[in-house]
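J.: Below is the structure I would like to discuss, written out as structure tokens.
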Amino acid sequence: MPDEPNPRRPKREQYRPKAETLALLKVSGNPINGLGETTQRRPSPFFWHPPDQHPYGELQIVARQSSRKCPGSAPAFMAAYNHPQLIPVAEVRSEASAEQLAAEATAFALSHEADAIGIAPMDPLYVFEGYTIEEPWVIVLALAHNYERLREVPSDETNGVGVTDIGDQYARGTRASYALANWIRSQGYNASAYPGPSADALLLIPPAVASGLGELGKHGSLISRRFGSGVRLAGVTTDMPLIATAPDRFGADEFCATCQVCTHACPPGAITEDKQMVRGVERWYVDFDKCIPYFAESASCGICIAVCPWTRPNVRPKLLATMARRLGRGE
């Protein structure tokens, strides 16, 4: 059965941004993102990066204020910016094999708040322009949302349940990534943590896909076999020898090709029907210029990941079985 209608969600294309919000969208974000480009390149710094690196600093302020006005959200997001200091790298280096170190790192992460872990070799395309990452490995941590709380999005002054859960998962990602980075450092290897919600050097979704944590969805977010779209990410880079985990194709991409749920639920109509060329790769893409005004005014939104059929715990097992049959037949 479909979820009950959420009265805080305007129907598709009935939303109209405030004039003052539109005035802050001074340039289109789609060219900055590389929409229509046929050559691969590194991503440009963008929303949630320091405002001197992109033209949307004032919009970030509106988005932050919009989310913080919701009950419970301010302390949740403040916790996302609190983390322990990175410890010095131990002088004595573990001589364990890459297989053992990968197993130990995985066990540590899963016992320190991460819900899933993926490991991928570093690719320069994972690093934003203007930044440098020297470590050859990326570890991506998945933090699962509480579905019953997530489905409350978007939040407002009367209901902060959904956005507070978003802040809570970012806070878990901060704690989990810094804990893992410090464990790696205790083994004698370099490690850096890259949690959200503020952006840094590392792009997280591409290595998450490469490491088997999920597939890119039509809504531009990761779809996980275990958690659907209700998942946040944090990263750790390191020079510790590791073994990569394999990509996981379970049918989300094929399902998105015909599914209309997030497309119809998006108030500004920002989710496109077809894949588009973005920085030399044909993939799903969300129209920034349509999405971000609603995102800024509506406490970080989150509607598309909440309504995604893969996110619903009682639906996901059926989808996995259906798509396994289709992929098995080569459809």
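The values are calculated or read from the model by the stated rules, or taken from the named source; none is laboratory data. The structure presented is a predicted model; accordingly, all values stated were derived computationally and were not measured. Methodologically, a virtual Cβ is constructed for each residue, glycine included, from the backbone with ideal geometry; neighbour enumeration extends over all protein chains shown. Areas reflect the complete protein model, heavy atoms only, side chains present, ligands, DNA and RNA absent. Shrake-Rupley method; radii C 1.70, N 1.55, O 1.52, S 1.80 Å.
J.: For residue 239, which sequence-distant residues (separation of 5 or more, or a different chain) have an amide H within less than 5 Å of its own amide H, given hydrogens modelled in the peptide plane?
T.: Excluding prolines and chain starts, which carry no amide H, the hits are 190.
J.: While we're here: Could you list the square roots of 5 times each eigenvalue of the Cα gyration tensor of the stretch 191-331, that is, the equivalent ellipsoid semi-axes, sorted largest first and rounded to whole Å?
T.: Square roots of five times the eigenvalues give 23, 22, 14 Å.
J.: Ignoring ligands, DNA and RNA, what percent of the 1.4 Å accessible area of the stretch 197-274 is carbon and sulfur? Working shown, then result.
T.: Working: 1460 of 2500 Å².
Answer for the stretch 197-274 is 58 percent, counting heavy atoms of protein chains only.
J.: Hey, could you pull the Cα Rg and Dmax for the chain, both in Å?
T.: My reading of the Cα-based Rg and Dmax gives 19.5, 61 Å.
J.: If you take the Cα atoms of the stretch 188-245, find Rg, then find the Kirkwood Rh from the mean of 1/r over all pairs, what is Rg/Rh? Let's see the in-between values first.
T.: On the way: Rg = 12.5 Å, Rh = 12.5 Å.
My calculation puts Rg/Rh at 0.99.
J.: Which Cys residues of the chain have no other Cys Cβ less than 4.7 Å away and so no disulfide-compatible partner by this rule?
T.: Lone cysteines by the Cβ rule: 70, 256, 259, 266, 291, 301, 308.
J.: Another question, if that's okay. For the stretch 289-331, place one equal point scatterer on every Cα, skip the solvent, and apply the Debye formula. What is log10 of I(q)/I(0) at q = 0.25, 0.26 Å⁻¹?
T.: -0.81, -0.84
J.: Where the Cα atoms of the stretch 115-195 are projected onto their three principal axes, how long is each span, largest first, in whole Å?
T.: The Cα atoms of the stretch 115-195 stretch 47, 30, 19 Å along their principal axes.
J.: Now for a different question. Based on the Cα atoms of the stretch 34-159, what semi-axes does the equivalent ellipsoid have, where each is the square root of 5 times one gyration tensor eigenvalue, given in whole Å with the largest first? Can you show the working numbers first?
T.: Values: eigenvalues 200, 117, 50 Å².
Result for the stretch 34-159: semi-axes of 32, 24, 16 Å.
J.: So what is the orientation-averaged projected area of the stretch 95-144, using the convex hull of its C-alpha atoms, in nm²?
T.: Hull-based average projected area comes out at 4.5 nm².
J.: Right, here's the next one. Take the stretch 217-294, drop everything but the C-alpha atoms, weight them equally and run the Debye formula without solvent; then report log10 I(q)/I(0) at 0.14, 0.17, 0.23, 0.26 Å⁻¹ to two decimals.
T.: -0.59, -0.81, -1.21, -1.35
J.: Which of 224, 186, 155 moves the most in a Gaussian network model of the chain with Cα springs under 10 Å?
T.: Residue with maximal mean-square fluctuation among 224, 186, 155: 186.
J.: Taking trypsin sites (Lys or Arg not before Pro) that fall in a DSSP loop and have at most 12 other Cβ atoms within 10 Å as cut points, what is the longest piece of the chain between them? Display every interim value, and only then the final one.
T.: Working: sites that count: 11, 18, 26, 41, 93, 329.
The reported range is 94-328.
J.: What per residue convex hull volume, in Å³, do the alpha-carbon atoms of the stretch 67-109 yield? Please report the intermediate quantities before stating the final value.
T.: Values: hull volume 4.5 nm³, N = 43.
Once divided by residue count, the hull of the stretch 67-109 is 105 Å³.
J.: A further question follows. In Å², what does the accessible area per residue of the chain work out to with a 1.4 Å probe?
T.: Numbers: 14680 Å² over 331 residues.
Per-residue accessible area for the chain comes out at 44 Å².
J.: Sticking with this one: Treating the Cα atoms of the stretch 45-95 as identical point scatterers in vacuum, please give the log10 of the normalised Debye intensity I(q)/I(0) at q = 0.18, 0.21 Å⁻¹, two decimals.
T.: Log-scaled intensity ratios, in q order: -0.74, -0.85.
J.: If you don't mind, there's one more thing I want to ask. Going by Cα centres, the stretch 203-226 and the stretch 273-313 are how many Å apart?
T.: The stretch 203-226 and the stretch 273-313 have Cα centres separated by 13 Å.
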